[in-house]
Amino acid sequence: MTSACIWVTVVAVLSAISAVTATILALRFRFRAHAAEELLDDVTDAIPGGFVLWDSNDRLVRCNQTFRDYYAHSAPFLTPGIPFEEVIRRGVAAGQYPQAAADPEAFIREVVSQHGSGEGVFERLLPNGIWLIVSELRTARGGIVGIRTDVTTLKRALSDLAAANARIEHFAHHDPLTGLPNRGRFHRELAAALARSHGGESIALLALDLDRFKLVNDTLGHGAGDELLRQVAERLTDCAGAEALVARFGGDEFMALVEGPAARDRAIAIGARIVAAMRSPFALTLGPAEIGVSVGIAVADGSDADALIERADRALYEAKRGGKGQVRQSPCASTQAA
């Protein structure tokens, strides 16, 4: 074989080796890239909660499966390269965001604006009742990393706690049997009203005591008595309307506070309505019950809350002693002193 042929053969062999090497290197690079992609997928799927990455042009780079599960209505179009605003708009159209129902365009503007800030923490409600915390942070290259955390259990716990606190607050100021304000709240309301009145005659009290209530307890039992008190509270509230604050002081004793112009005249009118209303029989589970009510009225004349309540109680006593089922007024403190 001539030297020329040898060189041709060598060159051919070297070219073949070079091509194979290049192919091997390319395959190795692609393998490494594929392995890196799989590793990145594994990492993002291992992140607790939903993970999403947007590039500097606000186009989707990647998101994990949890993110897709959260946004199930939007999952079909969560493809790399889709713009953020398009994801939101298509998600609104698909029913992904219950909070968008009232004003879709306003919702879209708000979400896009929040996202555009590149950082922040927001709440988001999903159609299945799940609440997410949306946390976003801009990267050094201008992209945005987002994390979605399910806080539904926490939201429900906080809601239950708020409801429990509201119940505690309610029972602290209301009678558990009738739902009316209790003695403590009535005293506070009366003290506040007296402070507002500056000693003027713009406040009147009605002291109320049921007639023949003990007979219902003795003949039908305390359960019937409790049922009767609940119905009494309803009638008192209906008679007073928005003109007076009605409270239960305990047992079958009630108080009503009238504040504002012509308080005395309004209190007398309310007292008359109450007396008439209590004359109608009450339909209890164990049978009908007939009772009445006696009413004592006192008007503020500069005395303190306790003195005013005492005068209303004395007027009530006079109504009881005078035959029950009637309204009596207390003279002012200055008249009594004279």
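Figures for the structure shown
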| item | result |
| --- | --- |
| Average projection area in nm² (convex hull over Cα atoms of the range 244-327, one quarter of hull surface) | 6.2 nm² |
| Heavy-atom accessible surface of the range 222-302: percent carbon and sulfur, 1.4 Å | 54 percent |
| Accessible surface of the range 161-205, 1.4 Å probe, proportion on carbon and sulfur as whole % | 60 percent |
| Residue among A240, A195, G179 farthest towards the positive dipole end of the range 177-247, charges placed on Cβ | A195 |
| Reduced Cα scattering model of the range 123-234, Debye log10 I(q)/I(0), q = 0.11, 0.18, 0.22 Å⁻¹ | -0.70, -1.03, -1.19 |
| Among W131, I144, S117 the positive-end extreme of the charge dipole of the range 103-160 (Cβ point charges) | I144 |
| Heavy-atom surface of the range 85-184, accessible at 1.4 Å and reported per residue (Å²) | 57 Å² |
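The values are calculated or read from the model by the stated rules, or taken from the named source; none is laboratory data. Since the model is a prediction, treat every value here as computed from it, not as a measurement. Note that each Cβ is placed from the backbone with ideal geometry, even for glycine, and that neighbours are counted across all protein chains shown. For the accessible areas, the whole protein counts, side chains as well, though only heavy atoms, and no ligand, DNA or RNA atoms are used. Shrake-Rupley method; radii C 1.70, N 1.55, O 1.52, S 1.80 Å.
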